[in-house]
1. Residue 209 - would you say it is surrounded by 12 or more Cβ atoms within 10 Å (Cβ to Cβ), within 16 Å of ligand 1 (Cβ to nearest atom), touching a residue at least 40 places away in the same chain (Cβ under 8 Å) and not assigned by TED's automatic domain parsing to the domain that holds residue 107?
2. Answer yes if at least one residue in segment 194-201 is more than 10 Å from ligand 2 (Cβ to nearest atom), part of a loop (DSSP other than H, G, I, E, B), among the aliphatic types (A, V, I, L, M) and closer than 19 Å to residue 144 by Cα, and no otherwise.
3. Does segment 108-116 include one or more residues that are in contact (Cβ under 8 Å) with a residue 24 or more places away in the chain, assigned to a loop (DSSP other than H, G, I, E, B), more than 15 Å from ligand 2 (Cβ to nearest atom) and buried (at least 18 other Cβ atoms within 10 Å of the Cβ)?
4. Looking only at residues that are of a type in the set (A, V, I, L, M) and modelled with pLDDT under 95 in segment 80-96, which one is farthest from residue 176 (Cα to Cα)?
5. Go through 239, 222 for me and flag whichever is in a loop (DSSP other than H, G, I, E, B) and either at pLDDT below 95 or outside the structural domain of residue 86 (by TED's automatic domain parsing) (or both).
6. Among the residues of segment 153-186, what is the count of those that are within 13 Å of ligand 1 (Cβ to nearest atom), outside any loop (DSSP other than H, G, I, E, B) and in contact (Cβ under 8 Å) with a residue 24 or more places away in the chain?
7. For segment 171-188, what are the residues that are more than 10 Å from ligand 2 (Cβ to nearest atom) and either of a type in the set (Lys, Arg) or at pLDDT below 95 (or both)?
8. Restrict the check to segment 124-139 and report whether at least one residue is within 22 Å of residue 57 (Cα to Cα), more than 14 Å from ligand 1 (Cβ to nearest atom), touching an Asp or Glu at 6+ places or on another chain (Cβ under 8 Å) and assigned to a loop (DSSP other than H, G, I, E, B).
Amino acid sequence: MVDHLANTEVNAQRIAAVESCFGASGQPLALPGRVLLGEGVLTKECRKKHKPRVFFLFNDILVYGSIVLSKRKYRGQRIVPLEEVTLEPLPETLQARNRWLIRTARKSFVVSAASAAERQEWMGHIEECARRRLLATGRPRATEHAAPWVPDKATDICMRCTQTRFSALTRRHHCRQCGFVVCAGCSRARFLLPRLSPKPLRVCSLCYRDLAAQERREEAEGQHPGQGSPAAQPDGPAGAACAASSGDYDSDDDDSDEEREGGGDADWPGRVQFYAEGVSWSAFHS
Ligand SMILES: [Zn+2]
Ligand SMILES: [Zn+2]
């Protein structure tokens, strides 16, 4: 069925409104054939806190950002291609309900909806869009995903050595491979993870051993030559230099805007809005 929203004025207006809310900080979003299917606020479990984030589901991408002023100003735009996305429902916890994991090649994170019905709606729509994108592009579903980061407050001690206790002076770091919270001593090594970054990234001692062993195996078998080279030995001079020069890398992540934000919570908008209401969802896809 031809997507009846693709070339409509109302769709163009909705997309223009999203672009205007992100302003110059966002990417142009209007594209021939692109349809905005729904939008709403989800709670994203960030490194330090749970934060409201506005999400926009298009037929080919998922866009999200932080809320400066509801329906007026957003920033920190992130764009996730839907063919990369895999979802996984999560069990309830005391702190959060209606949660699920959004897994992508470059980044994985946990969000939660205001109700079980909303979670079902979001997950159903995202999965349906992703399925159709995969069909349309003929690509296989991605099997490798970034590990979600364990939240800072989940542990007071290093999850590798279990000796180092974190404090204001002893910083937490995250292994880019397993997502564990580890101390500096247990994450001296850097490894090239081409899926995540063109630069070698911080990995924990255990992941370093596994990655290096895997690389040796692949080299022996003649696979993937040149990929995933170790950037530094954990205890070598190169490793020490690397650790020193990129000591602040951890602050340069998705949640670096956390401290600068404020006031957004008071502007919590109403429930999620899917433009499929009253129309069968399949009518929105070509
Ligand atoms: Zn440690
Ligand atoms: Zn690790």
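The values are calculated or read from the model by the stated rules, or taken from the named source; none is laboratory data. This is a predicted model, so every value here is computed, not measured. Cβ: placed from backbone, ideal geometry, glycine included. Neighbour counts: every protein chain shown.
1. No, not satisfied.
2. Initial filter on segment 194-201 (more than 10 Å from ligand 2 (Cβ to nearest atom)): 194-201.
Next, from what is left, pick out any that are part of a loop (DSSP other than H, G, I, E, B): 194-200.
From what is left, the residues that are among the aliphatic types (A, V, I, L, M) are 196.
Still in the list and also closer than 19 Å to residue 144 by Cα: 196.
Yes, there is a match, as at least one residue in segment 194-201 is more than 10 Å from ligand 2 (Cβ to nearest atom), part of a loop (DSSP other than H, G, I, E, B), among the aliphatic types (A, V, I, L, M) and closer than 19 Å to residue 144 by Cα.
3. Here is the first cut: in segment 108-116, the ones in contact (Cβ under 8 Å) with a residue 24 or more places away in the chain are 108-114.
Filter again for assigned to a loop (DSSP other than H, G, I, E, B), leaving 113-114.
If we keep only those that are more than 15 Å from ligand 2 (Cβ to nearest atom) as well, we get 113-114.
Okay, now just the ones that are also buried (at least 18 other Cβ atoms within 10 Å of the Cβ), so 113.
Scanning segment 108-116 turns up at least one residue that is in contact (Cβ under 8 Å) with a residue 24 or more places away in the chain, assigned to a loop (DSSP other than H, G, I, E, B), more than 15 Å from ligand 2 (Cβ to nearest atom) and buried (at least 18 other Cβ atoms within 10 Å of the Cβ).
4. Going residue by residue through segment 80-96, those that are of a type in the set (A, V, I, L, M) are 80, 82, 85, 87, 90, 94, 96.
Restricting the remaining residues to those that are modelled with pLDDT under 95 gives 80, 82, 85, 90, 94, 96.
Numbers: 80: 18, 82: 22, 85: 18, 90: 21, 94: 27, 96: 25 Å.
Out of the qualifying residues, it is 94.
5. On the way: 239 fails: in a loop (DSSP other than H, G, I, E, B).
Unique residue meeting the criteria: 222.
6. 6
7. 171, 172, 188
8. From segment 124-139, those within 22 Å of residue 57 (Cα to Cα) are 124-139; that's our starting set.
Subsequent filtering for residues that are more than 14 Å from ligand 1 (Cβ to nearest atom) retains 124-139.
Filter once more, keeping what is touching an Asp or Glu at 6+ places or on another chain (Cβ under 8 Å): 129-130, 133-134, 137, 139.
With assigned to a loop (DSSP other than H, G, I, E, B) added as a condition, the list becomes 139.
Yes - at least one qualifying residue is present in segment 124-139.
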